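Engineer: Quick one: the structure is below, questions incoming.
The values are calculated or read from the model by the stated rules, or taken from the named source; none is laboratory data. Keep in mind that what you see is a predicted model, and the values were worked out from it rather than measured. Positions of Cβ are backbone-derived with ideal geometry, glycine not excepted, and every protein chain shown enters the neighbour counts. Side chains are part of the model used for accessible areas, which takes the heavy atoms of the whole protein and leaves out ligands, DNA and RNA. Shrake-Rupley method; radii C 1.70, N 1.55, O 1.52, S 1.80 Å.
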Amino acid sequence: MWSWSVTPKPLYSMQEVHDALASIENEAERLLLPELSLLDGDATERDRLYARAEAVSSLLQSLGSELHDTVADTNQLGTATLSNTRNTPMATIVQILNNQLQALTQVETRISELGTKLQHLSTTSSA
């Protein structure tokens with residue numbers, strides 16, 4: 001028995017949704033523009049900081065997406081390289097990075113253990 005899986009086509013593309021939201025945002029700003037002069041200094045500063053936070057958030061999301069893509073590409077190349085038995089520069093880089101990660105993980109674990117011991121010593125010495 002055949003089973004067909006049909007993925008429904010989205011009603012709107014992401015670009016159409018983005019354009020619609022941008023249009024709504026621009027219209028809201030146009031409607032509120034006359035009232036901006038009525039706001040006190042604190043409200044103006046809050047709005048300015050909020051706009052800056054939105055811009056930073058957008059940049060961070062973009063950087064996160066780019067970082068995710070870069071890591072995925074690197075992992076794909078690393079997997080392909082590691083499956084290959086030849087000693088290639090990418091395999092060497094992946095091995096070095098893996099060794100660095102293991103060393104940093106061990107250092108982090110040791111720091112955590114020492115912090116716990118120091119905390120224990122400080123509580124027992126103050127008691």
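Engineer: For Gln102 and Thr70 in the same chain, what is the full-extension length gain: residue separation times 0.36 nm, less their Cα-Cα distance, in nm?
Structural biologist: Length gained, Gln102 through Thr70: 9.4 nm.
Engineer: Report the paramagnetic label zone for Glu35: residues of the stretch 48-77 whose backbone N is under 20 Å from a point 7 Å from Cα along the Cα-to-Cβ axis.
Structural biologist: Under cut-off, by backbone N: 48-52.
Engineer: Using a 1.4 Å probe, what is the accessible area per residue for the stretch 13-84, in Å²?
Structural biologist: 86
Engineer: Going 7 Å from the Cα of His18 along its beta-carbon direction, which residues of the stretch 47-73 have the amide nitrogen within less than 12 Å of the resulting point?
Structural biologist: Only 62 pass the distance filter.
Engineer: Which distance in nm do the two modelled labels at Arg48 and Leu118 give, with both placed 7 Å along the Cα-to-Cβ direction?
Structural biologist: The answer from the label model is 4.1 nm.
Engineer: Just the ratio, please: alpha-carbon radius of gyration of the stretch 13-84 over 2.2 N^0.38 Å, N its number of residues. Before the final figure, lay out each step's value.
Structural biologist: Values: Rg = 20.5 Å, N = 72, 2.2 N^0.38 = 11.2 Å.
Relative to the rule-of-thumb radius for its length, the stretch 13-84 sits at 1.83.
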